[in-house]
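First the structure, in the form of structure tokens, and then the observations on it.
Coordinate-derived values only; no laboratory data. Just so it is clear, the structure is predicted and the values come from calculations on it, not from any experiment. As a convention, Cβ positions derive from the backbone with ideal geometry for all residues, glycine included, and neighbour counts pool all protein chains shown.
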Amino acid sequence: MQGRRVVVGISGSIAAYKACELVSRLRQRGAQVWVVMTAAARRFVGTATLRALSGRNVACEMFGAYPHHELEHISLAEFGEVMIVAPATANIIAKVAAGICDDLLTTTINAAACPVIFAPAMNWRMWNNPITQSNVKKLQELGYEFVGPEEGWLACGESRAGRLAGTEKLMAAIEKALGLEKTKLAGRRVVITAGPTREWIDAVRFISNPSSGKMGYALAEQAARRGAEVTLISGPTALQAPAGVQVVYVETAAQMAAAVQEHLLGSEVFIGAAAVADWRPRRQAEGKLKKTQGPPQLQLEPTDDIIAQVAGSAYRPSVVVGFAAETENLEHNALEKLRRKNLDLVVANDLTRPGSGFGSDTNAVMIIDRNGPRKRLDTAAKARIAAEILDVVEQLLGDQ
Ligand code: PMT
């Protein structure tokens, strides 16, 4: 963690004293640590302690914490590479879920450009309260990470769920967010397709679909964070290239197929998240067809099945993962695709569910292997779904 920039937010729980251990461990690992405390947190642990442990002034007030920054109340939000809120009370979770920014900590979380991890600690009834649970679910769907709470002895004198996760677990979550975790993907070549393809009818019209590329880009970003050497072959999208990923831009299914063939050699994982057009016009008309000529009689022909070619290739990667976007018989149709295309895994999207499939920031999927469903993932941010898919890919790599 040498030199990595970690922001530790502390809110008002008796477990605030455990944040001292976390800050100390981060410093011992060489991280640069900035601490932000709420007024309630300062009733449980003093700023002098955290100042000594972090080696920096503790930020508590909206104004005056970092006087040399022109927008001081969001300076930490821009500066941190990861932020952890430990302990996170029911109150701070509720405020963040509602978008409230009424102190430095909530403002910093709201403005954070980096991954934010919550480590809840509270009375078990507060944790189990459906309001808290729905706030947690909402934040998870938005891509925030949660570690714990654990079951154990609570300050209220009972042994239930609500205890702050142990320092080792908090450190592991921070390492993961910083991409320092040693994973099976580290150093391996991964090829991912994303987005739609365009099959041109004439100079100005094409056949396509509503894929935004978000799912494939999230997979590429997460795989790169795990140390993989990622090539993303992308149809037209409005997304920015993920950091550390080589992006090859294509437009048509034929171009995507050619780019995949070019980059397949030496790759150990292939993930087909693209929504490739199944048919294209047999012939693209020259120029722009005139409306006055009436509707064109389109003759369609099938495109190459890219993933089936990959799975049948002499250079077949060890793990080939497809997606299935379905409107009916999800499990049956997805499994049929897995078998027909000789895939190792298929990620089945239920297009009839709100917040799932094309265009949305979230997805709800079933990960299926040759034996049937392996993992069902309820609606969550595509980044989180991507991480879960890659966990399964790593298990398969581990089996080999
Ligand atoms: O891009 P987003 O807006 O984030 O939406 C995500 C998504 C819904 C596009 C994505 O998660 C998804 O489901 N992608 C696959 C959609 C699809 O085309 O499914 P399919 O059932 O037609 O294809 C099955 C598999 O074969 C897919 O892995 C597809 O990439 C692959 N395929 C299909 C046709 C073809 N000619 N070549 C292929 O490689």
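How much length is gained if the chain between ARG374 and ALA111 is pulled fully straight, taking 0.36 nm per residue apart and subtracting their Cα-Cα distance, in nm to one decimal? Please list the in-between numbers first.
On the way: separation 263, 0.36 × 263 = 94.68 nm, distance 3.65 nm.
Contour length minus the Cα-Cα distance gives 91.0 nm.
So what's the projected area for segment 189-398, the Cα convex hull averaged over all directions, in nm²? Before the final figure, lay out the partial values.
Working: hull surface 48.5 nm².
Convex hull of Cα atoms, orientation-averaged projection: 12.1 nm².
What's the local net charge at GLN284, with K and R +1, D and E -1, over the other residues with C-beta under 15 Å away? Write down the numbers at each step before the final one.
Values: positive: ARG198, ARG205, ARG280, ARG282, ARG283, LYS288; negative: GLU199, ASP202, GLU251, GLU286, GLU301.
Local charge sum for GLN284: +1.
What FRET efficiency comes out for ALA155 versus GLN28 if R0 is 22 angstrom and r is the Cβ-Cβ distance? Round to the nearest 0.05. Working shown, then result.
On the way: r = 27 Å, r/R0 = 1.23.
The computed FRET efficiency comes out at 0.20.
With n ≥ 4 as the cut-off for DSSP H runs, can you work out [θ] at 222 nm for the chain, using -39500 (n - 2.57) per run divided by the number of residues, rounded to the nearest 500? Kindly include the intermediate steps, with their values, before the conclusion.
On the way: 14 runs with 138 residues, N = 400.
Taken over the chain, the calculation gives -10000 deg cm²/dmol.
For segment 376-381, in order, what is each residue's ³J(HN,Hα) by Karplus, 6.51 cos²θ - 1.76 cosθ + 1.60 with θ = phi - 60°, in whole Hz (x at glycine and Pro)?
Values per residue, Gly and Pro as x: 10, 10, 5, 3, 7, 4 Hz.
May I ask you to sort SER356, SER318, SER267 by Cβ crowding, counting other Cβ atoms within 10 Å and putting the fewest first?
On the way: SER356 18, SER318 15, SER267 23.
So the ranking, lowest neighbour count to highest, is SER318, SER356, SER267.
R0 = 35 Å: FRET efficiency of GLN2 with SER313, Cβ-based, nearest 0.05? Numbers along the way, then the final one.
Values: r = 42 Å, r/R0 = 1.19.
Rounded to the nearest 0.05, the efficiency is 0.25.
Past 31 Å, Cα to Cα: identify those pairs from LYS176/LYS214; LYS18/LYS176; LYS214/LYS291; LYS182/LYS337, in the order given.
Numbers: LYS176/LYS214 21 Å; LYS18/LYS176 20 Å; LYS214/LYS291 35 Å; LYS182/LYS337 33 Å.
Pairs exceeding the cut-off: LYS214/LYS291; LYS182/LYS337.
For VAL365, list long-range residues whose amide hydrogen, built 1.01 Å from N in the peptide plane, is under 5 Å from its own amide hydrogen.
Distant-sequence amide H within range of VAL365: LEU377.
Rg over Rh of segment 79-146, using C-alpha atoms and the Kirkwood radius, what does it come to?
0.94
Ranking ASP391, ASP369 by Cβ neighbours within 10 Å, fewest first, what do you get? Present the calculation step by step, with values, prior to reporting the outcome.
Details: ASP391 15, ASP369 18.
Final ranking by Cβ density, sparse to dense: ASP391, ASP369.
Taking 0.36 nm per residue of separation and subtracting the Cα-Cα distance, what length does fully extending LEU300 through ARG340 add? Mind dumping the intermediate values first?
Values: separation 40, 0.36 × 40 = 14.40 nm, distance 2.25 nm.
Separation in residues times 0.36 nm, less the Cα-Cα distance, equals 12.2 nm.
Quick check on the exposure proxy: order HIS332, HIS263 from fewest to most C-beta atoms within 10 angstrom.
Sorted ascending by nearby Cβ count, the order is HIS332, HIS263.
Using 7 Å Cα-to-Cβ label points, what is the ALA254/TRP279 separation (nm, one decimal)?
1.8 nm
Work out, in µm²/s and without decimals, the Stokes-Einstein translational diffusion coefficient of segment 5-177 at 4 °C, 1.567 mPa s, Rh from Kirkwood over C-alpha pairs. Each step should come with its number before you reach the end.
Working: Rh = 15.8 Å.
The diffusion coefficient I find is 82 µm²/s.
Just the number, please: Stokes-Einstein D of the chain in µm²/s, Kirkwood Rh from C-alpha pairs, 25 °C, 0.890 mPa s. List each step's numbers first, then the result.
Working: Rh = 23.2 Å.
Diffusion coefficient, whole number: 106 µm²/s.
Multiply the residue gap between ASN128 and LYS288 by 0.36 nm, knock off their C-alpha separation, and tell me the result in nm, one decimal place.
Numbers: separation 160, 0.36 × 160 = 57.60 nm, distance 6.15 nm.
Gain on extension, ASN128 to LYS288, equals 51.4 nm.
Positive end of the charge dipole of segment 136-230 (Lys, Arg +1 and Asp, Glu -1 on Cβ, about the Cα centre): tell me which of THR167, LEU180, ALA194 has its Cα farthest that way.
Going by the charge dipole, the pick is ALA194.
Which one of PRO87, GLN261, VAL276 has its Cα pushed farthest toward the positive end of the charge dipole of the chain, where Lys and Arg give +1 and Asp and Glu give -1 at the Cβ?
Toward the positive end, the furthest listed residue is PRO87.
Note down the relative contact order for the chain as a percent, whole number, built from C-alpha pairs under 8 angstrom at least six residues apart.
Working: 884 pairs, mean separation 44.2, N = 400.
It rounds to 11 percent for the chain.
Rounding to the nearest 20 debye, state how big the charge dipole of the chain is about its Cα centre with +1 on each Lys and Arg Cβ and -1 on each Asp and Glu Cβ. Could the numbers behind the result be given before it?
Numbers: 45 positive and 41 negative charges, 65 e Å.
Dipole magnitude for the chain comes out near 320 debye.
Taking amide H positions as placed in the peptide plane 1.01 Å from N, state which residues far from LEU300 in sequence (5 or more) or on other chains have amide H under 5 Å from it.
Those lying under 5 Å, H to H, from LEU300 are ARG282.
When the Cα atoms of segment 101-229 are enclosed in a convex hull and the volume is divided per residue, what value in Å³ results?
Working: hull volume 22.8 nm³, N = 129.
Value for segment 101-229: 177 Å³ per residue.
Residue by residue, what Karplus-based ³J(HN,Hα) values in Hz, rounded to whole numbers, does segment 82-99 have, using 6.51, -1.76 and 1.60 with θ = phi - 60° and x for Gly and Pro?
Along segment 82-99, the couplings run 7, 10, 10, 9, 9, x, 10, 7, 4, 5, 5, 5, 5, 5, 5, 4, 8, x Hz.
Have a look at ALA220, ALA325, GLY12 and report the one farthest towards the positive end of the charge dipole of the chain, computed about the Cα centre with Cβ charges (Lys/Arg +1, Asp/Glu -1).
About the Cα centre, the residue reaching furthest to the positive side is GLY12.
Just to be sure I understand the model, the point goes 7 Å from the Cα along the line to the Cβ. What's the resulting ILE14 to ALA203 distance in nm?
Modelled inter-label distance: 7.6 nm.
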